[in-house]
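J.: Quick one: this structure, given as C-alpha coordinates, is what I'll be asking you about.
The values are calculated or read from the model by the stated rules, or taken from the named source; none is laboratory data. All values reported here derive from a predicted model rather than from experimental measurement. Here the Cβ is made from the backbone with ideal geometry for all residues, glycine too, and neighbour counts use every protein chain on show. Side chains are part of the model used for accessible areas, which takes the heavy atoms of the whole protein and leaves out ligands, DNA and RNA. Shrake-Rupley method; radii C 1.70, N 1.55, O 1.52, S 1.80 Å.
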Amino acid sequence: MTTDTTLSAAEAMFEAEQAVSRARWVVEELQETITCALRVLDDAELDSAKAKLSERGSFYLEAAGEHLGRLRTRCNDILEFTHDLFVHLNRASQSVTDARTLLDLADTSDPVVASEVAQLKPRIAVVGEMVALAKPVAQLAAKHVETAHLASRDVTALGLLEPVSLERSTAIAGKELGRADEDVRLLGNVVDRAAASARESASIASEITDNARRRMSEQSRDPITSASLPAPRSPGR
(Lines give C-alpha, C1' and ligand atoms only; values in the text may rest on other atoms or scores of the structure.)
Protein backbone atom coordinates (compact mmCIF):
# COMPACT_ATOMS: atom_id res chain seq x y z
CA MET A 1 0.00 0.00 0.00
CA THR A 2 1.48 3.32 -0.96
CA THR A 3 1.56 6.10 1.59
CA ASP A 4 -1.01 8.05 -0.44
CA THR A 5 -3.38 5.07 -0.38
CA THR A 6 -2.90 4.73 3.37
CA LEU A 7 -3.80 8.36 3.90
CA SER A 8 -6.81 8.05 1.59
CA ALA A 9 -8.14 5.06 3.53
CA ALA A 10 -7.76 6.96 6.78
CA GLU A 11 -9.50 10.00 5.31
CA ALA A 12 -12.44 7.85 4.17
CA MET A 13 -12.75 6.52 7.71
CA PHE A 14 -12.76 10.05 9.13
CA GLU A 15 -15.61 10.92 6.76
CA ALA A 16 -17.54 7.82 7.85
CA GLU A 17 -17.12 8.77 11.50
CA GLN A 18 -18.42 12.29 10.85
CA ALA A 19 -21.44 10.98 8.91
CA VAL A 20 -22.35 8.49 11.66
CA SER A 21 -21.97 11.23 14.28
CA ARG A 22 -24.41 13.43 12.35
CA ALA A 23 -26.79 10.48 12.00
CA ARG A 24 -26.71 10.03 15.77
CA TRP A 25 -27.68 13.67 16.26
CA VAL A 26 -30.62 13.24 13.87
CA VAL A 27 -31.79 10.14 15.78
CA GLU A 28 -31.83 12.21 18.97
CA GLU A 29 -33.97 14.82 17.21
CA LEU A 30 -36.29 12.07 16.00
CA GLN A 31 -36.72 10.72 19.52
CA GLU A 32 -37.55 14.16 20.90
CA THR A 33 -40.00 14.96 18.09
CA ILE A 34 -41.83 11.63 18.41
CA THR A 35 -42.12 12.16 22.17
CA CYS A 36 -43.60 15.59 21.48
CA ALA A 37 -46.00 14.11 18.89
CA LEU A 38 -47.20 11.52 21.42
CA ARG A 39 -47.91 14.29 23.93
CA VAL A 40 -49.92 16.19 21.32
CA LEU A 41 -51.86 13.02 20.58
CA ASP A 42 -52.59 12.57 24.29
CA ASP A 43 -54.05 16.09 24.32
CA ALA A 44 -56.22 15.25 21.31
CA GLU A 45 -57.50 12.06 22.93
CA LEU A 46 -58.24 13.89 26.18
CA ASP A 47 -60.27 16.59 24.43
CA SER A 48 -62.04 13.93 22.40
CA ALA A 49 -63.10 12.22 25.63
CA LYS A 50 -64.19 15.52 27.16
CA ALA A 51 -66.36 16.19 24.11
CA LYS A 52 -68.52 13.21 25.02
CA LEU A 53 -68.87 14.19 28.69
CA SER A 54 -69.20 17.95 28.54
CA GLU A 55 -71.98 20.24 27.44
CA ARG A 56 -69.29 22.11 25.56
CA GLY A 57 -68.72 19.18 23.22
CA SER A 58 -68.20 21.28 20.11
CA PHE A 59 -65.52 23.32 21.90
CA TYR A 60 -63.53 20.23 22.85
CA LEU A 61 -63.95 18.69 19.41
CA GLU A 62 -62.53 21.84 17.89
CA ALA A 63 -59.63 21.75 20.35
CA ALA A 64 -59.00 18.12 19.44
CA GLY A 65 -58.93 19.11 15.78
CA GLU A 66 -56.31 21.76 16.52
CA HIS A 67 -54.20 19.16 18.29
CA LEU A 68 -54.39 16.93 15.23
CA GLY A 69 -53.18 19.86 13.16
CA ARG A 70 -50.16 20.13 15.44
CA LEU A 71 -49.71 16.38 15.15
CA ARG A 72 -49.53 16.66 11.37
CA THR A 73 -46.81 19.28 11.74
CA ARG A 74 -44.83 17.00 14.06
CA CYS A 75 -45.20 14.09 11.64
CA ASN A 76 -43.89 16.28 8.81
CA ASP A 77 -40.90 17.21 10.98
CA ILE A 78 -40.22 13.53 11.71
CA LEU A 79 -40.32 12.64 8.02
CA GLU A 80 -37.88 15.46 7.23
CA PHE A 81 -35.52 14.23 9.94
CA THR A 82 -35.79 10.73 8.49
CA HIS A 83 -34.76 12.09 5.09
CA ASP A 84 -31.73 13.79 6.68
CA LEU A 85 -30.89 10.56 8.49
CA PHE A 86 -30.74 8.63 5.23
CA VAL A 87 -28.44 11.26 3.74
CA HIS A 88 -25.95 10.73 6.57
CA LEU A 89 -26.31 6.94 6.61
CA ASN A 90 -25.74 6.75 2.84
CA ARG A 91 -22.70 8.98 3.15
CA ALA A 92 -21.32 6.78 5.93
CA SER A 93 -21.98 3.65 3.88
CA GLN A 94 -20.15 5.06 0.87
CA SER A 95 -17.18 6.15 2.99
CA VAL A 96 -16.96 2.71 4.57
CA THR A 97 -17.00 1.13 1.11
CA ASP A 98 -14.24 3.48 -0.03
CA ALA A 99 -12.12 2.65 3.02
CA ARG A 100 -12.58 -1.09 2.48
CA THR A 101 -11.61 -0.80 -1.18
CA LEU A 102 -8.44 1.08 -0.32
CA LEU A 103 -7.48 -1.36 2.42
CA ASP A 104 -7.94 -4.27 0.02
CA LEU A 105 -5.14 -2.72 -2.06
CA ALA A 106 -2.77 -2.94 0.87
CA ASP A 107 0.67 -4.43 0.33
CA THR A 108 0.79 -6.44 3.55
CA SER A 109 4.36 -7.56 2.87
CA ASP A 110 5.25 -4.55 5.01
CA PRO A 111 4.61 -5.74 8.60
CA VAL A 112 3.75 -2.22 9.76
CA VAL A 113 1.11 -1.81 7.09
CA ALA A 114 -0.14 -5.35 7.72
CA SER A 115 -0.64 -4.52 11.41
CA GLU A 116 -2.50 -1.32 10.57
CA VAL A 117 -4.81 -3.08 8.14
CA ALA A 118 -5.46 -5.91 10.62
CA GLN A 119 -6.51 -3.37 13.26
CA LEU A 120 -8.72 -1.24 11.05
CA LYS A 121 -10.54 -3.79 8.86
CA PRO A 122 -12.69 -5.49 11.55
CA ARG A 123 -13.78 -2.16 13.03
CA ILE A 124 -14.72 -0.82 9.62
CA ALA A 125 -16.73 -3.99 9.08
CA VAL A 126 -18.72 -3.36 12.27
CA VAL A 127 -19.47 0.22 11.21
CA GLY A 128 -20.67 -1.03 7.83
CA GLU A 129 -22.87 -3.70 9.40
CA MET A 130 -24.49 -1.26 11.85
CA VAL A 131 -25.14 1.33 9.15
CA ALA A 132 -26.69 -1.36 6.92
CA LEU A 133 -28.90 -2.48 9.82
CA ALA A 134 -29.97 1.10 10.63
CA LYS A 135 -31.44 1.74 7.18
CA PRO A 136 -34.38 -0.74 7.26
CA VAL A 137 -35.18 0.24 10.85
CA ALA A 138 -35.33 3.90 9.80
CA GLN A 139 -37.52 2.98 6.83
CA LEU A 140 -39.92 1.12 9.11
CA ALA A 141 -40.14 4.09 11.49
CA ALA A 142 -40.87 6.41 8.56
CA LYS A 143 -43.60 4.06 7.35
CA HIS A 144 -45.33 4.11 10.76
CA VAL A 145 -45.08 7.91 10.94
CA GLU A 146 -46.54 8.25 7.45
CA THR A 147 -49.52 6.10 8.47
CA ALA A 148 -50.01 8.24 11.60
CA HIS A 149 -49.82 11.34 9.43
CA LEU A 150 -52.49 10.01 7.08
CA ALA A 151 -54.73 9.11 10.02
CA SER A 152 -54.47 12.64 11.40
CA ARG A 153 -55.43 14.04 7.97
CA ASP A 154 -58.51 11.84 7.76
CA VAL A 155 -60.30 14.04 10.28
CA THR A 156 -61.80 16.89 8.30
CA ALA A 157 -63.80 19.80 9.67
CA LEU A 158 -66.96 17.80 8.96
CA GLY A 159 -65.43 14.71 10.55
CA LEU A 160 -65.00 16.59 13.83
CA LEU A 161 -68.77 16.46 14.17
CA GLU A 162 -68.43 12.67 14.43
CA PRO A 163 -66.59 11.65 17.64
CA VAL A 164 -66.30 8.08 16.35
CA SER A 165 -64.26 9.30 13.36
CA LEU A 166 -62.04 11.36 15.64
CA GLU A 167 -61.49 8.48 18.05
CA ARG A 168 -60.67 6.09 15.22
CA SER A 169 -58.10 8.49 13.77
CA THR A 170 -56.42 9.18 17.12
CA ALA A 171 -56.33 5.45 17.89
CA ILE A 172 -54.63 4.65 14.57
CA ALA A 173 -52.19 7.56 14.93
CA GLY A 174 -51.39 6.51 18.49
CA LYS A 175 -50.68 2.91 17.53
CA GLU A 176 -48.46 3.90 14.62
CA LEU A 177 -46.55 6.54 16.56
CA GLY A 178 -46.00 4.03 19.34
CA ARG A 179 -44.46 1.65 16.83
CA ALA A 180 -42.35 4.45 15.39
CA ASP A 181 -41.15 5.28 18.90
CA GLU A 182 -40.05 1.67 19.40
CA ASP A 183 -38.30 1.68 16.02
CA VAL A 184 -36.40 4.86 16.79
CA ARG A 185 -35.31 3.55 20.20
CA LEU A 186 -33.89 0.48 18.47
CA LEU A 187 -32.38 2.75 15.83
CA GLY A 188 -30.69 4.74 18.58
CA ASN A 189 -29.02 1.59 19.93
CA VAL A 190 -27.84 0.58 16.46
CA VAL A 191 -26.46 4.02 15.61
CA ASP A 192 -24.83 4.27 19.04
CA ARG A 193 -22.89 1.09 18.32
CA ALA A 194 -22.01 2.34 14.85
CA ALA A 195 -20.79 5.63 16.35
CA ALA A 196 -18.65 3.85 18.95
CA SER A 197 -17.05 1.64 16.30
CA ALA A 198 -16.57 4.64 14.01
CA ARG A 199 -14.78 6.53 16.79
CA GLU A 200 -12.46 3.56 17.38
CA SER A 201 -11.81 3.32 13.65
CA ALA A 202 -11.10 7.04 13.41
CA SER A 203 -8.65 6.76 16.29
CA ILE A 204 -6.78 3.96 14.53
CA ALA A 205 -6.97 5.91 11.26
CA SER A 206 -5.38 8.86 13.03
CA GLU A 207 -2.48 6.65 14.11
CA ILE A 208 -2.17 5.33 10.57
CA THR A 209 -2.04 8.90 9.28
CA ASP A 210 0.68 9.84 11.77
CA ASN A 211 2.70 6.74 10.86
CA ALA A 212 2.32 7.36 7.14
CA ARG A 213 3.46 10.94 7.46
CA ARG A 214 6.39 9.87 9.60
CA ARG A 215 7.44 7.36 6.93
CA MET A 216 7.14 10.06 4.29
CA SER A 217 9.32 12.33 6.38
CA GLU A 218 11.91 9.61 6.93
CA GLN A 219 12.00 8.78 3.23
CA SER A 220 12.54 12.43 2.34
CA ARG A 221 15.56 12.49 4.65
CA ASP A 222 16.94 9.15 3.43
CA PRO A 223 20.17 9.86 1.47
CA ILE A 224 19.46 6.84 -0.76
CA THR A 225 16.52 8.66 -2.27
CA SER A 226 18.88 11.47 -3.27
CA ALA A 227 21.41 9.22 -5.04
CA SER A 228 20.52 10.65 -8.42
CA LEU A 229 21.51 14.14 -7.34
CA PRO A 230 25.07 15.31 -8.26
CA ALA A 231 27.57 14.84 -5.46
CA PRO A 232 28.94 18.00 -3.91
CA ARG A 233 32.29 19.08 -5.37
CA SER A 234 35.38 19.45 -3.26
CA PRO A 235 36.46 23.02 -2.71
CA GLY A 236 39.12 24.20 -5.22
CA ARG A 237 42.71 24.40 -4.16
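J.: Count neighbours as other Cβ atoms within 10 Å of each site's Cβ, and list the trypsin sites (Lys or Arg not before Pro) in segment 18-126 that are DSSP loop with at most 13 such neighbours.
T.: Working: sites: R22, R24, R39, K50, K52, R56, R70, R72, R74, R91, R100, R123; in loops: R56.
Within segment 18-126, the qualifying trypsin sites (Lys or Arg not before Pro) (loop, at most 13 other Cβ atoms within 10 Å) are R56.
J.: Also, I was wondering about something else. Taking 2.2 N^0.38 Å as the expected size of a compact globular protein, what ratio does the Cα radius of gyration of the chain give against it, to two decimals? Don't jump to the answer; show the numbers that get you there.
T.: On the way: Rg = 28.4 Å, N = 237, 2.2 N^0.38 = 17.6 Å.
Cα-based Rg divided by the globular estimate yields 1.62.
J.: Another question, then. What accessible area per residue, rounded to a whole number of Å², is obtained for the chain using a probe radius of 1.4 Å?
T.: Values: 13110 Å² over 237 residues.
Dividing the accessible area of the chain by its residue count gives 55 Å².
J.: Name the residue, out of A51, A142, A198, whose mean-square fluctuation peaks in a Gaussian network model built on the chain with Cα pairs under 10 Å.
T.: A51
J.: Calculate for the chain the 222 nm mean residue ellipticity that helices alone would give, adding -39,500 (n - 2.57) per DSSP H run of length 4 or more and normalising by residue count, nearest 500 deg cm²/dmol. Intermediate values should be presented prior to the final figure.
T.: Details: 4 runs with 201 residues, N = 237.
Computed mean residue ellipticity for the chain: -32000 deg cm²/dmol.
J.: For S203, what is the net charge nearby, where nearby means another residue's Cβ is under 12 Å from its Cβ and Lys, Arg count +1, Asp, Glu -1? Display every interim value, and only then the final one.
T.: Working: positive: R123, R199; negative: E17, E200, E207, D210.
Net local charge, S203 excluded: -2.
J.: With a cap of 14 neighbouring Cβ atoms within 10 Å, and only residues DSSP puts in a loop, list the GluC sites (Glu not before Pro) found in segment 21-127. Spell out each step's value before the answer.
T.: Values: sites: E28, E29, E32, E45, E55, E62, E66, E80, E116; in loops: E55.
When the GluC sites (Glu not before Pro) of segment 21-127 are filtered for loop state and at most 14 Cβ neighbours within 10 Å, E55 remain.
J.: Taking all protein chains as present, what is the carbon and sulfur share of the accessible area of the chain, in % to the nearest whole number, probe 1.4 Å?
T.: Numbers: 6730 of 13110 Å².
Looking at the chain in its full context, I get 51 percent from C and S.
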